[in-house]
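Since every read-out is calculated from the coordinates, none of them should be taken as a lab result. Everything numeric here is computed off the predicted structure, so don't read it as measured data. Quick reminder, even Gly has a Cβ in these numbers, built from the backbone with ideal geometry, and neighbours come from all protein chains shown.
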Amino acid sequence: MTQAYGRTSRHTVPLCLAARWRGMVALSGLSLVLMLGCGFTPTRALGIPGAASRTPDLALPLQAADRDLALLYVDKKHPPRGQWENWSKEEIEAELATVTTALKTRFQPILDVLAQAIPSARDLDATGRVGLLFDPAGASDEALDARLRGQIVTGDLRVGKLDNVYFVFYRRYPQCHSGEGGIVCRDATCAEGYCRLVIVDEVATRKE
């Protein structure tokens, strides 16, 4: 197993990186690692395998189409091999029609809030308009993404949890594309707040 280390403001934490990713956005060989903060018990590192097991990187505020994909993802309706861009409008509408009322009641409020505006750091706090919708309330500031090239500063990424789903918010985010030498990523910074989102099911973080 590959091991890497992430620096937080207090100490160095070992992170177990997941197996190589396949799919649209994460692309082969990339790993997203969440380091859960004191709001989660127990504190441990989670490795996220493959883009097929998570949403693509979503721009905030959420557009209607991305909000639909997010809802389908939390309902565990994923396109083959995580290729979200290949789903037709008709296929998406057919899948949406099968989402239960209970799931919509649980997740629609947070998706609606994320469609209104780019969340600020205060919005993600326990008493903020986004953070108060998580359980436990608030988004931890200890999240790491191995695609980022530079040192991750506390607050670059934050993660909140609702039921068994993690919402990862990016203030600094990776932009990846295929180059002659393979996948190339560079860091970009939001003009304001946290302008990117990745949603990950807890099941996808479990080791085989």
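Of note:
- Electrostatic bookkeeping for ILE92 treats Lys and Arg as +1 and Asp and Glu as -1; over the other residues with beta carbon under 10 Å from its beta carbon, the sum is -3.
- Highest to lowest packing among 103-114, 87-98, scored as the average C-beta count within 10 Å: 103-114, 87-98
- Relative contact order of segment 84-185, defined on C-alpha pairs under 8 angstrom at six or more residues apart (%): 15
- The share of Cα pairs per 5 Å bin across segment 106-165, counted from zero up to the longest distance, runs 4, 19, 26, 23, 15, 10, 3, 0 percent.
- Low-density loop positions, trypsin sites (Lys or Arg not before Pro), segment 158-208 - DSSP coil, at most 15 other Cβ in 10 Å: ARG206, LYS207
- The ranking of HIS78, HIS177 by Cβ neighbour count inside 10 Å, starting from the fewest, reads HIS177, HIS78.
- Within-11-Å neighbourhood charge of ASP125 [Cβ basis; K, R +1; D, E -1]: +1
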